[in-house]
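The block underneath contains the structure these notes are about, expressed in structure tokens.
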């Protein structure tokens with residue numbers, strides 16, 4: 001026997017599972033979380049350039065800020081999509097468990 005909350009989840013997931021599986025939706029919803037992880041990298045890099053001049057000189061000779069920005073954007077996108085795919089898989093697994101539980105006598 002399913003609880004009321006489990007029945008609500010089944011109804012919600014049947015309605016929204018296809019929408020949440022789309023890559024564009026996962027990117028749109030997951031990107032803010034990815035930026036939460038990637039933004040401190042940018043802040044640390046640019047703040048260090050202000051107070052430690054030797055690190056600034058080494059950074060200028062070994063890499064460009066453009067490469068860092070592209071890398072941070074890639075990190076943000078990867079984390080955002082990975083997080084949402086993981087959450088989708090978790091919800092899908094829970095849905096399948098509830099459906100199996102619902103069919104048992």
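Selection of the stretch 17-51 for residues being modelled with pLDDT of 90 or more and loosely packed, with under 13 Cβ neighbours inside 10 Å yields 18, 19, 22, 23, 24, 28, 32, 36. Restricting attention to helices (runs of 4 or more DSSP H) lying wholly within the stretch 4-77, give those where 2 or more residues are closer than 30 Å to residue 103 by Cβ and free of Cβ contacts under 8 Å to residues at least 24 places away in the same chain. Qualifying helices (runs of 4 or more DSSP H): 4-21.
With respect to being under 30 Å from residue 11 (Cα atoms), loosely packed, with under 11 Cβ neighbours inside 10 Å and either modelled with pLDDT under 90 or in contact with a helix residue (DSSP H, G or I) (Cβ under 8 Å, 6 or more places away or on another chain) (or both), residue 93 falls outside the description.
With respect to (1) more than 12 Å from the chain's Cα centre (by Cα); (2) without any contact (Cβ under 8 Å) to a residue 40 or more places away in the chain; (3) surrounded by 12 or more Cβ atoms within 10 Å (Cβ to Cβ), the lone exception for residue 87 is condition (1). Given the structure, is residue 69 out of contact with any helix residue (DSSP H, G or I) (no Cβ under 6 Å at 6 or more places or on another chain), surrounded by 11 or more Cβ atoms within 10 Å (Cβ to Cβ) and farther than 19 Å from residue 20 by Cα? Yes.
The values are calculated or read from the model by the stated rules, or taken from the named source; none is laboratory data. None of the values given here were measured: they were computed from a predicted structure. Please note: Cβ atoms are built from the backbone with ideal geometry, for glycine as well, and neighbour counts cover all protein chains shown.
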